[in-house]
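Reviewing the structure listed below.
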Amino acid sequence: MGHHQVAGEIAMSADALWRLLCDFGEVSWLPGNPDYECEGEGIGMIRTIRTPPLPTVRERLESIDEENRTVHYRVLDGNPMPVDDYQASMQVVDLGDGRSRLVWSSTWEPKGVSEEEARKAVDDLYTGVLAAIQRNLAGR
């Protein structure tokens, strides 16, 4: 099983960032101005995200840990990376002074590629999305 993690500072308070991320059905902060919809509410809800030309992605909310400010989710369909059984978490860490750190980590099984190739694909996606999130949320 592969694992990867990235982290980046966000120029907004941890409370504000957490309010955005724990609302699993709201993804306007993602890059590319995605079209999205949700089925259900709370744990078990499914969000569908469309950001052409990427595949349509369906994700299920697995858990929310309010105390540790962590959202856990699983990709059900449409993963653009060469991995299966993708499970991820996004954690918000308070850095003080209106700043926070977003820690994004995942586990997965490589699909048709080596673990190193899968890890690079995950890292490329994470790095790009994290940079876009930093830009989209700065000063919000």
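Only the coordinates and a few stated rules stand behind these numbers; no lab work does. Quantities reported herein were computed from a predicted structural model and do not represent experimental measurements. Glycine also receives a Cβ, built like all others from the backbone with ideal geometry; neighbour counts cover every protein chain displayed.
Laid out as a table, the results:
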| quantity | calculated |
| --- | --- |
| Cβ-based charge dipole, the chain, positive-most Cα from Trp108, Asn33, Asn79 | Asn33 |
| Tensor-based shape of region 1-63 (alpha-carbon gyration tensor, a/c under 1.5 rounded, otherwise prolate or oblate) | rounded |
| Extension gain from Asp15 to Gln134, taking 0.36 nm per residue of separation minus the Cα-Cα distance | 41.3 nm |
| Using alpha-carbon coordinates, inclination of helix 115-137 to the longest axis of the chain, degrees | 30 |
| Only Lys, Arg (+1) and Asp, Glu (-1) charged, at Cβ; the chain dipole about Cα centre in debye | 380 |
| Shape call, region 45-129: gyration tensor on alpha carbons, a/c limit 1.5 | prolate |
